[in-house]
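A.B. asks: Quick one: structure below, then a few questions.
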Amino acid sequence: MLAHRILEEPTAYTGAELRSGWVREQTGLDGDAAAGFVGPCNVPNANLVDLDDVRAGTFIRAASMAHVIAEHPGCALPEAVLRQRLMVAILGELLAGTGKLARRDGDDLYYDGRKLTVSIAAPSSVSSLIHLGINVDPAGAPVPAIGLREMQIDARPLLSDLLERYARELDTAAYAATKVKTVP
């Protein structure tokens with residue numbers, strides 16, 4: 001089961017946090033674990049791991065984002081990409097439950113024609129990592145963006161619900177894989 005914790009203190013995200021061991025350092029949680037936190041986002045091009053974005057010279061910035069960093073030891077990158085998209089789809093379901101219907105395009109959500117999230121899955125030498133950033137206040141974003149504040153959604157309860165649902169999906173998926181017999 002995925003262990004998770006919401007950090008109390010505002011925490012900035014620069015891209016350097018997307019590394020093996022960061023979740024454990026911040027939360028004390030071992031193994032499959034995730035940390036949720038709220039804070040500014042300023043990822044310079046040099047810290048991006050998406051090679052298309054690096055080549056394009058882009059950056060990521062917002063005055064405030066709700067962030068998730070998940071670390072999955074022993075998880076191959078293709079599976080991590082699917083987990084990343086699952087997390088984003090769950091976020092879309094949670095927003096729909098508030099009456100806010102977001103459009104998902106791969107690993108990003110858009111609301112009212114503006115970008116709500118940034119997300120990446122990346123490998124480390126011992127794990128795969130996922131970062132999901134949800135705009136709270138998108139001021140400074142390099143693209144037309146919207147934030148949770150404008151949508152009148154509180155970030156911390158949303159992060160808590162998101163991590164609970166994500167952990168439950170991973171747990172029930174693991175169980176589903178144990179309750180079937182092989183077929184010829």
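Rule-based calculations on the coordinates, nothing more; no lab input. Please read these numbers as outputs of a predicted model, since none were measured by experiment. Quick reminder, even Gly has a Cβ in these numbers, built from the backbone with ideal geometry, and neighbours come from all protein chains shown.
A.B. asks: Please verify whether Val88 is aliphatic (A, V, I, L, M), buried (at least 19 other Cβ atoms within 10 Å of the Cβ), within 29 Å of Asp112 (Cβ to Cβ) and free of Cβ contacts under 8 Å to residues at least 40 places away in the same chain, treating the condition exactly as stated.
C.D. replies: So Val88 does not fit the description; no.
A.B. asks: Here's a follow-up. Out of Leu2, Leu82, Leu95, I need the residue that is more than 24 Å from Gly147 (Cβ to Cβ), hydrophobic (A, V, I, L, M, F, W, C) and either touching a residue at least 24 places away in the same chain (Cβ under 8 Å) or touching a Lys or Arg at 6+ places or on another chain (Cβ under 9 Å) (or both). Which one?
C.D. replies: Residue meeting the stated conditions: Leu2.
A.B. asks: Sticking with this structure for a sec: If the Cβ limit is 8 Å and pairs must be 6+ apart or interchain, which residue in the stretch 47-66 that is closer than 17 Å to Asp107 by Cα pairs with which residue that is small (Gly, Ala, Ser) and assigned to a strand (DSSP E or B)?
C.D. replies: Between residues of the stretch 47-66 that are closer than 17 Å to Asp107 by Cα and residues that are small (Gly, Ala, Ser) and assigned to a strand (DSSP E or B), the close pairs are Val49/Ala122; Ile60/Gly133; Met65/Gly39; Met65/Gly133; Ala66/Gly36; Ala66/Gly133.
A.B. asks: Give me the pairs: first residue in the stretch 29-42 and touching a residue at least 60 places away in the same chain (Cβ under 8 Å) and more than 15 Å from Pro73 (Cβ to Cβ), second residue part of a strand (DSSP E or B) and of a type in the set (Ser, Thr, Tyr), beta-carbon distance under 7 Å, and six or more apart or on different chains, which are they?
C.D. replies: The qualifying pairs are Val38/Ser64; Cys41/Tyr13.
A.B. asks: I would also like to ask the following. Considering each residue of the stretch 125-161, count those that are surrounded by fewer than 17 Cβ atoms within 10 Å (Cβ to Cβ) and out of contact with any helix residue (DSSP H, G or I) (no Cβ under 7 Å at 6 or more places or on another chain), and give that number.
C.D. replies: 14
A.B. asks: Restricted to the stretch 91-103, and to residues that are crowded, with 16+ Cβ neighbours inside 10 Å and of a type outside the set (Gly, Ala, Ser), which residue is nearest to Arg114 (Cα to Cα)?
C.D. replies: Lys100
A.B. asks: Which condition does Leu94 not pass, out of (1) in contact with a helix residue (DSSP H, G or I) (Cβ under 8 Å, 6 or more places away or on another chain); (2) not in a helix (DSSP H, G or I), if it passes all the others?
C.D. replies: Going through (1) in contact with a helix residue (DSSP H, G or I) (Cβ under 8 Å, 6 or more places away or on another chain); (2) not in a helix (DSSP H, G or I) one by one, Leu94 breaks only (2).
A.B. asks: Which residues, taken from the stretch 98-154, are part of a strand (DSSP E or B), more than 22 Å from Ala70 (Cα to Cα) and of a type in the set (A, V, I, L, M)?
C.D. replies: Answer for the stretch 98-154, where residues must be part of a strand (DSSP E or B), more than 22 Å from Ala70 (Cα to Cα) and of a type in the set (A, V, I, L, M): just Ala145.
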